[in-house]
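The values are calculated or read from the model by the stated rules, or taken from the named source; none is laboratory data. Since this is a predicted model, take the numbers as computed values, not measurements. In this analysis, Cβ positions are derived from the backbone assuming ideal geometry, glycine residues included, and neighbour counts consider all displayed protein chains. Accessible surface is based on the protein model in full, side chains and every heavy atom, while ligands, DNA and RNA are left aside. Shrake-Rupley method; radii C 1.70, N 1.55, O 1.52, S 1.80 Å.
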Amino acid sequence: MSILIAPSILACDMKRLGEEMRRAERAGADILHADVMDGVYVPNISFGFDFIKAVRESAGIPIDAHMMTVCPEKYIKELKNAGADGVTVHHDIAPKEEIIKTLWAIKNEGMRAAVALRPKFPAEDIEPFLPYIDMALVMTVEPGFGGQKFMDDMLPKIAKIRAAAPKLDIQVDGGINEETAALCAEAGANVFVVGTASFRASDMKNAIKKIRQSAEKYEVE
Ligand code: DX5
Ligand code: ZN
């Protein structure tokens, strides 16, 4: 499975958004990770569709929208129109059947669909969604803020999901750097969201290269 590195836009210098997105692309980013926060599902508010559109107009690589919001189903069209290529929703915002409907709606717009689990939820919670998703997101911090410490007790969860879904993209998000990426890759993750350790590194290209290399040591077939 290919190793993909997804810098989190939250950590960029937002007053120079366009230049920062081009810098990420030049530094070897595979995906741009856009954290949408509504101040309800998480205690922070980040940015919305016009911002994602500005990202789209600045860079050519895929954009993943991580919806840390209630009611993401209301905004699938807006996300598509803004230029998102994938949408991740948290599974605890609605009953299972509603989440599955939302995943279908995302796929119907031609985008990749993913489900995220906050730290307190077990690996088993992903199972009902496996037939409908392109990716599972295992949060390795409490969602809401960049720059937090990686929770290493999430590693068994990654391993359990990998055992249940050998071909699924498994993304990790929160506190990822060269060391924690290796731990996650060893457990079975292959998509790495990196905020602080990418945009705020002294050399972003080198940082991405190092994170990719440390994950590749454990790349699964
Ligand atoms: C946290 C967000 C993350 C965050 C990661 O709620 O989902 O994407 O920006 O930032 P770092 O890599 O700094 O932990
Ligand atoms: Zn995120």
Packing rank of 44-55, 185-196, where each peptide gets the mean count of other beta carbons within 10 Å, highest leading: 185-196, 44-55
Semi-axis lengths, Å, the range 1-68, gyration tensor of Cα atoms, sqrt of 5 times eigenvalues: 20, 15, 10
Rg to Rh, two decimals, where the range 26-142 supplies the alpha carbon set and Rh follows Kirkwood: 0.94
Contour minus Cα-Cα distance for Glu179 and Leu130 (0.36 nm per residue): 14.8 nm
Spatially proximal aspartates and glutamates relative to Lys80 (Cα-Cα < 14 Å; intrachain offsets below 8 disregarded): Asp50, Glu57, Asp64, Glu109
Share of carbon and sulfur in the accessible heavy-atom surface of the range 125-182 [1.4 Å probe, %]: 55
Value of [θ]222 nm, deg cm²/dmol, for the chain, DSSP H segments ≥ 4, -39500 (n - 2.57) each, nearest 500: -10000 deg cm²/dmol
Descending semi-axes in whole angstrom, ellipsoid equivalent of the range 138-221, from the Cα gyration tensor: 20, 15, 9
Compactness of the chain - radius of gyration and Dmax, Cα, Å: 15.8, 45
Rounded percent of accessible protein surface that carbon and sulfur make up, the range 36-103, 1.4 Å probe: 54
Centroid-to-centroid separation of the range 86-102 and the range 15-38 [C-alpha atoms, Å]: 25
For q = 0.14, 0.29, 0.32 Å⁻¹, Debye-computed log10 I/I(0) when each Cα of the range 141-180 counts as one equal scatterer: -0.35, -1.04, -1.12
Relative contact order (percent, whole number), the range 95-221, Cα cutoff 8 Å, 6+ residue spacing: 20
Accessible surface, per residue, of the range 1-74 when the full set of protein chains is kept, probe 1.4 Å, Å²: 40
Non-local Lys pairs in the range 100-202, i.e. 8 or more apart or on different chains, that have alpha carbons under 27 Å apart: 14
C-alpha center-to-center spacing [the range 150-194, the range 48-77] in angstrom: 23
Sum of side-chain charges, Asn44 neighbourhood, beta-carbon under 10 Å (Lys, Arg +1; Asp, Glu -1): -2
Where the range 108-211 is the region considered: accessible area per residue in Å², 1.4 Å probe: 42
